[in-house]
Ligand SMILES: [Zn+2]
């Protein structure tokens, strides 16, 4: 079989004669098996009937998303910097139209991904742009379903991949859950790209923190505090989440602090309800 892709999480697996028996990412308690059981597709099949859309979110920041929705339905984000373009997070579908559109915008210098639920077809994206490096935190290594030489595992707490573009390990959702800080983003006030490590919620003045979003399993106070501490040294006015409309437009760092205090108050039962 062509490289199988899990229909529920979108992760691509090594080529095999038969379909894999399991998706370890979906069997983990942060994810789930779909109503119809474990199902697989391929890039070839996905290219029939699906396409990617490009939506400019802010100067130099473009969301790339698949329509109709597939798997977790997140968008990847193209970040265009003077030192080269970064693909932040990833999606399963890559096709000729997507590659042409990205080339028109200067191609890719690097790929970085927040956590395993968005590893998707990362190897295909790297190869389409000459094998550009894929930066993943080393502590999430066990969740890489399709290993490849382009993957660069980084360790520790921060990793600058291009000038002014820094990966920050926050942990929480996964031990290696990472956010990306772009110092020049948001007109020089700083932009933070958070995946679901720091989830921008429908009330865009706030963010949240969870061990599992689909299964609604919260994090503990110490972990939430360590996420806040990890991003505290960085200036950022805006926070870009991974789904359409999920953007904190101003005072991003304060929104993280305020949201963490609210979350911890609820964990402790220390809230006054109307
Ligand atoms: Zn899966």
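The values are calculated or read from the model by the stated rules, or taken from the named source; none is laboratory data. For clarity, every value in this text was computed on a predicted model and none was experimentally measured. All Cβ positions, even for glycine, are placed from backbone atoms using ideal geometry, and neighbour counts span all protein chains on display.
Worth pointing out:
- Within the stretch 71-95, considering residues that are in a loop (DSSP other than H, G, I, E, B) and surrounded by fewer than 21 Cβ atoms within 10 Å (Cβ to Cβ), the one farthest from the ligand (Cβ to nearest atom): 82
- Residues of the stretch 171-215 satisfying the condition of being part of a loop (DSSP other than H, G, I, E, B) and within 24 Å of residue 84 (Cβ to Cβ): 176, 183, 184, 185, 186, 187, 188, 189, 190, 194, 195, 197
- Residue in the stretch 14-28 that is nearest to the ligand (Cβ to nearest atom), counting only those that are under 24 Å from residue 211 (Cα atoms) and either assigned to a loop (DSSP other than H, G, I, E, B) or at pLDDT below 95 (or both): 23
- From the list 262, 253, the lone residue that is in contact with a helix residue (DSSP H, G or I) (Cβ under 8 Å, 6 or more places away or on another chain) and either part of a helix (DSSP H, G or I) or free of Cβ contacts under 8 Å to residues at least 24 places away in the same chain (or both) is 253.
- Single residue of the stretch 4-13 satisfying the filter (touching a helix residue (DSSP H, G or I) at 6+ places or on another chain (Cβ under 7 Å) and part of a loop (DSSP other than H, G, I, E, B)) that is nearest to the ligand (Cβ to nearest atom): 9
- Condition met for residue 52 (away from the ligand (no atom under 16 Å from the Cβ), part of a strand (DSSP E or B) and more than 22 Å from residue 190 (Cβ to Cβ)): yes
- Members of the stretch 111-134 found to be surrounded by 22 or more Cβ atoms within 10 Å (Cβ to Cβ) and not in a helix (DSSP H, G or I), listed by number: 111, 112, 113, 114, 115, 119, 120, 121, 134
- Residues satisfying the stated conditions in the stretch 96-110, i.e. crowded, with 18+ Cβ neighbours inside 10 Å and more than 16 Å from residue 160 (Cβ to Cβ): 98, 102, 108
- Scanning the stretch 29-49 for residues that are in contact with a helix residue (DSSP H, G or I) (Cβ under 9 Å, 6 or more places away or on another chain), surrounded by 16 or more Cβ atoms within 10 Å (Cβ to Cβ) and either touching a residue at least 60 places away in the same chain (Cβ under 8 Å) or not in a loop (DSSP other than H, G, I, E, B) (or both) turns up 30, 31, 43.
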